[in-house]
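The values are calculated or read from the model by the stated rules, or taken from the named source; none is laboratory data. Not measured: the values here are computed from a predicted model. With ideal geometry, Cβ positions are generated from the backbone for all residues, glycine too; neighbour counts draw on all protein chains shown.
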Amino acid sequence: MSDQITPVVEAYIEKTPKSRALYQRSLELFPSGVTHDSRYLHPYPLSVDRADGSHKWDVDGREYVDYFGGHGALLLGHNHPAVVEAVQEQLSKGTHYGASHELELEWAEQMIQMVPCAEKVRFTGSGTESSLLILRLARAYTGRPKILRFTTNFHGWHDQVAFAGGAGFDGTPPAGITQDMVDNTLLCDPNNIDQVKDILASRDDVAAVIIEPTGASFGRVPTSGDFLRELRALTRELGVLLIFDEVITGFRVAPGGAQAHYGVTPDLALFAKIIAGGFPGGAVTGRSDIMDMMTFREDPKWNTAHRVPHQGTFNANPISACAGLTTLRLIADGELIDKANRYGEDLRAGMNEVAQKQGVNWLVYGEFSGFHILPLSKDQTFDLEDIAAGRVPYTVFKGSVPVSLMHQIRCGLMAEGIDIVSWPGGVISAVHNEADLEKTIEGYEKLLAVVKECRIAG
């Protein structure tokens, strides 16, 4: 299906004229008119004016239930009163010291209390920075050049990982990334422990295996606790480091991240999003002996030739530190996380119920506080049990749904006052409520009715 103006898109255009006008201005300023690839949308992206709790309002004054969630960073929703109060107090003290301060100590102490693998911490400015640093640490510690990762998993957009995370799957580097970077990254099919064994057993140059512990994009390509446990045992046996990318799962799956939920402790883990309470920030943590590769010594040769350097202008800045610390303290007992997870289960069940009622062969799946919409063709017969059991090829989850159809789904839901992520799917916060879920299910039912009538699906 091409990017045609269907009734779904027409409804969106009719209700968002000011977003359209701002997009025309943005085309003169930004490539494709956006400042982040995931905000790109045909025919144009939504422009937001303000947000609060589980809702946001566009420049036309229309209200939306928000499942974009600040790219997954807002477990507590927009403008949580405790976070706002803490940040406002800190603003009067300074936004950026360029120096050490007590807040960063308290932030790190809180993180170490919560995360099983955390022995020492380094804060970064983002998830991509965390990914870059953690792979550098793994290579320096082991003295080995190569990283094993899983096709479809996303670990940021720096050169060593900015490929095979989307729909292509062939390992071809995008423009600007050299082949030598690709050559130091080994790709493995998701959930294929035998393939991992074959790769690791046949070579001695692999520093680490990195994985999103719920599977790619917060379970868009699901994995299981059993697979993680097998991976942990294998990497430990062969002396290869295991890295969990907890940028999304950290503090969303459980107070200690996915590693706490599954009972699998990696050697290293990276975090971002929730850890900074809605502000820019990330972290790398793990075993002390690995983290100490960044430690200065009374040895000039070590410091210049062996120590892993780490800079970053805004690392642990006091605003991100205060927002992150406040957030972690609020969620440490797990009650708010559990609430978001329950709402996730309820929302997925409700959306699947209306799809079945409409006779539209779409599935909504996921775990914890996330959901993924999967349009199926008429000849695809698998169900949620097949997904849970790992009987569905990963290419069905990433790569089979045309981008144009994803755009149609998002436009259709935005026309009903519901904003989701472009994959399509979304994340649920601890401040969503029953009314939000009801509105979402009703809006999804209306979308499916149009889909059915216009033969958009399948």
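A few points about this structure:
- Selection count, the stretch 25-42, where residues are at positive phi and out of contact with any Pro (no Cβ under 9 Å at 6 or more places or on another chain): 1
- A single entry from THR172, THR142, THR128, THR151 fulfils the requirement of being touching a His at 6+ places or on another chain (Cβ under 8 Å) and either within 27 Å of ALA323 (Cα to Cα) or among the polar types (S, T, N, Q) (or both): THR128.
- Those helices (runs of 4 or more DSSP H) lying entirely in the stretch 134-222 with at least 1 residues at pLDDT 95 or above, surrounded by 21 or more Cβ atoms within 10 Å (Cβ to Cβ) and not assigned by TED's automatic domain parsing to the domain that holds GLU237: none
- Taking (1) more than 22 Å from THR327 (Cα to Cα); (2) small (Gly, Ala, Ser); (3) part of a helix (DSSP H, G or I) in turn, GLY70 satisfies each apart from (1).
- Residue count, the stretch 324-356 (criterion: polar (S, T, N, Q), farther than 19 Å from TRP423 by Cβ and surrounded by 16 or more Cβ atoms within 10 Å (Cβ to Cβ)): 3
- You will find that of GLU89, GLU129, the residue that is in a helix (DSSP H, G or I), within 24 Å of the chain's Cα centre (by Cα) and not assigned by TED's automatic domain parsing to the domain that holds ASP436 is GLU129 and no other.
- Where SER400 falls short, out of the listed (1) at pLDDT below 95; (2) assigned to a helix (DSSP H, G or I); (3) not β-branched (Val, Ile, Thr): (2)
- Checked against the criterion of being modelled with pLDDT of 95 or more, under 18 Å from GLY143 (Cβ atoms), within 24 Å of the chain's Cα centre (by Cα) and not β-branched (Val, Ile, Thr), the stretch 268-275 contains one or more residues that satisfy it.
- Any hit, the stretch 228-245, residues being touching a Gly at 6+ places or on another chain (Cβ under 9 Å) and at pLDDT below 95: no
- Checked against (1) within 21 Å of the chain's Cα centre (by Cα); (2) closer than 20 Å to ALA82 by Cβ, ILE387 passes all but a single condition, namely (2).
Here's the yes/no breakdown for (1) assigned to a helix (DSSP H, G or I); (2) more than 24 Å from PHE68 (Cβ to Cβ); (3) touching a residue at least 40 places away in the same chain (Cβ under 8 Å):
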{"site": "ALA316", "(1), (2), (3)": "no, yes, yes"}
{"site": "ILE319", "(1), (2), (3)": "yes, no, yes"}
{"site": "ARG342", "(1), (2), (3)": "yes, no, no"}
{"site": "LEU347", "(1), (2), (3)": "yes, no, yes"}
{"site": "ALA355", "(1), (2), (3)": "yes, no, yes"}
{"site": "SER377", "(1), (2), (3)": "no, yes, yes"}
{"site": "THR395", "(1), (2), (3)": "yes, yes, yes"}
{"site": "MET406", "(1), (2), (3)": "yes, no, no"}
{"site": "GLY412", "(1), (2), (3)": "yes, no, yes"}
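- For the condition at pLDDT 95 or above, assigned by TED's automatic domain parsing to the domain that holds THR249 and over 17 Å from HIS432 (Cβ atoms), GLU28 does not qualify.
- Taking the criterion of being outside any helix (DSSP H, G or I) and surrounded by 15 or more Cβ atoms within 10 Å (Cβ to Cβ), the residues of the stretch 357-367 that qualify are VAL360, ASN361, TRP362, LEU363, VAL364, TYR365, GLY366, GLU367.
- In the stretch 1-52, of all residues being part of a loop (DSSP other than H, G, I, E, B) and of a type in the set (A, V, I, L, M, F, W, C), the one that is farthest from VAL451 (Cα to Cα) corresponds to LEU29.
- Scanning the stretch 8-35 for residues that are closer than 20 Å to PRO402 by Cα and surrounded by fewer than 15 Cβ atoms within 10 Å (Cβ to Cβ) gives GLU10, SER32.
- Scanning the stretch 264-289 for residues that are among the polar types (S, T, N, Q) and either touching a helix residue (DSSP H, G or I) at 6+ places or on another chain (Cβ under 8 Å) or on the phi > 0 side of the Ramachandran plot (or both) yields THR265, THR285.
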